[in-house]
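Enquirer: Please read through the structure below; I'll follow up with questions.
The values are calculated or read from the model by the stated rules, or taken from the named source; none is laboratory data. The structure displayed is predicted, hence computed values, not measured ones. Cβ placement follows ideal geometry from the backbone for every residue including glycine, while neighbour counts extend to all protein chains displayed. The accessibility values were calculated without ligands, DNA or RNA, using every heavy atom of the protein model including side chains. Shrake-Rupley method; radii C 1.70, N 1.55, O 1.52, S 1.80 Å.
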Amino acid sequence: MTAISAASQAGRETKVRRRPLIRPNRVVIFLFLLMAAAFFAVPLYVIVVTSFKTMDQIREGQIFSLPSPWTTDAWSYAWMQACSGMNCNGVRIGFVNSLYILAPSLVLTISLSIITGYGLALWNVKWANGFLFVLFICAFVPFQIIMYPLIKITGALHIYGTTFGIAVIHSVLSMPFLTLIFRNYFKGMPPQIIAAAMIDSGSFWRIFFEIVLPMSGNIMIVVLILMITGIWNDFLVGLTFGAQDTQPMTVVLNNITVTTTGAKNYAVDMASALLTALPPLVIYFVLGRFFVQGITAGAIKG
């Protein structure tokens, strides 16, 4: 019996050794991933190298060549002097406006939607099912349908054309979707925890701040990424509800690219686009580190 088992084990080891290291399906997957990466990496490479070129080198038409010499004149001009319509103050004005829009939008939307989702998920609310149905319908209503009523409402509240008015619009548009996200996340929490907290005379707000909120770190990071992406990259809301001096960075970028006096400076356009995209990338990097650290700490505790 020992000889038979040893022979069978040796046969299995031989079969394992004979497996090909490179399988056809893996080759196909790697090629697809390489093509997908090139689809995004090649245009990004062209944008980056063009932003450091002079106009003389750009006119040569060699879009893949490295800058010679390297220059940051386009970056400084895009930040300080690029013209958006009649205002030649660069994209820095739009950067400040985008921050003024982003901060209150995050505070309003997340604070209201997380509390609403918590109440719908973990507390017995009689009208919860009907309210969820209304939220589900509102989450898919196109912005263009309610745009004119929102313009009238913000005008009546005297916040039309202000950064706070744009932030309120973003909050209104995002609340239904985020409420559904928080509600579904809280619904997956163990009900025994909430029941034990209620037995210990835990109130609505005490349970929320001492139990539910500390357990919501991962979903908060996901919601922050969704919100920052949607608000920072938004164009239509900022264009519709912003005034000349309160337009976000995307609207200023659009105005810079379409405003031309003399020769078209493509290096400035590329630098402006990169300056618009860099702030959320930095925020994503920071949030990603917190997310990884939270997962690692949870795994160590587990």
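Enquirer: Place a +1 charge on the Cβ of each Lys and Arg in the chain and a -1 charge on the Cβ of each Asp and Glu, then give the dipole magnitude about the Cα centre in debye, rounded to the nearest 20.
Expert: On the way: 18 positive and 9 negative charges, 275 e Å.
So the magnitude is around 1320 debye.
Enquirer: Quick one: with all protein chains in place, what share of the accessible area of the stretch 133-287 is carbon or sulfur, to the nearest percent (1.4 Å probe)?
Expert: Accessible surface attributable to carbon and sulfur in the stretch 133-287 totals 72 percent.
Enquirer: Go through the stretch 36-47 residue by residue and turn each phi into a ³J(HN,Hα) via Karplus (6.51, -1.76, 1.60, θ = phi - 60°); whole Hz please, and just put x for glycine and proline.
Expert: 5, 5, 5, 4, 9, 6, 5, x, 5, 4, 5, 5
Enquirer: Still on this structure, please answer the following. Enter the accessible area per residue of the stretch 161-280 (Å², integer; probe 1.4 Å; all protein chains in place). Working shown, then result.
Expert: Values: 5400 Å² over 120 residues.
Averaged over the residues of the stretch 161-280, the accessible area is 45 Å².
Enquirer: With r as the distance between the Cβ atoms of N87 and K152 and R0 = 30 Å, compute the FRET efficiency 1/(1 + (r/R0)^6) and round to 0.05.
Expert: The computed FRET efficiency comes out at 0.60.
Enquirer: By per-residue mean of other Cβ atoms within 10 Å, what is the highest-first order of 270-283, 120-133?
Expert: Descending mean neighbour count gives 270-283, 120-133.
Enquirer: Please give the length that would be gained between M215 and F30 if that part of the chain were fully extended, namely 0.36 nm times their separation in residues minus their C-alpha to C-alpha distance (nm, one decimal).
Expert: Extending this stretch completely gives an extra 62.8 nm.
Enquirer: At a 10 angstrom cut-off on C-beta neighbours, averaged per residue, how do the peptides 86-92, 174-180 rank from highest to lowest?
Expert: In descending order of packing, they fall as 174-180, 86-92.
Enquirer: Now a separate question. Report the FRET efficiency, 1/(1 + (r/R0)^6), for M189 and A128, where r is their Cβ-Cβ distance and R0 is 22 Å, rounded to 0.05.
Expert: So the FRET efficiency works out to roughly 0.85.
Enquirer: What FRET efficiency, computed as 1/(1 + (r/R0)^6) with R0 = 22 Å and r the Cβ-Cβ distance, is obtained for F285 and Y45, rounded to the nearest 0.05? Write down the numbers at each step before the final one.
Expert: Numbers: r = 20 Å, r/R0 = 0.90.
It comes out at approximately 0.65.
Enquirer: On to the next question. Select one label from (i) 27.5; (ii) 18.6; (iii) 28.7: the one whose number is mean projected area of the Cα convex hull in nm² as derived from the coordinates shown.
Expert: Structure-derived value, by its label: (i).
Enquirer: Also, quick follow-up: Sorted by average packing, counted as other Cβ atoms within 10 angstrom per residue and highest first, what order do 206-212, 250-256, 40-46, 95-101 take?
Expert: Top of the packing list down: 250-256, 95-101, 206-212, 40-46.
Enquirer: Residue separation times 0.36 nm, minus the C-alpha to C-alpha distance between I22 and F164: what's the value?
Expert: Result: 45.4 nm gained on full extension.
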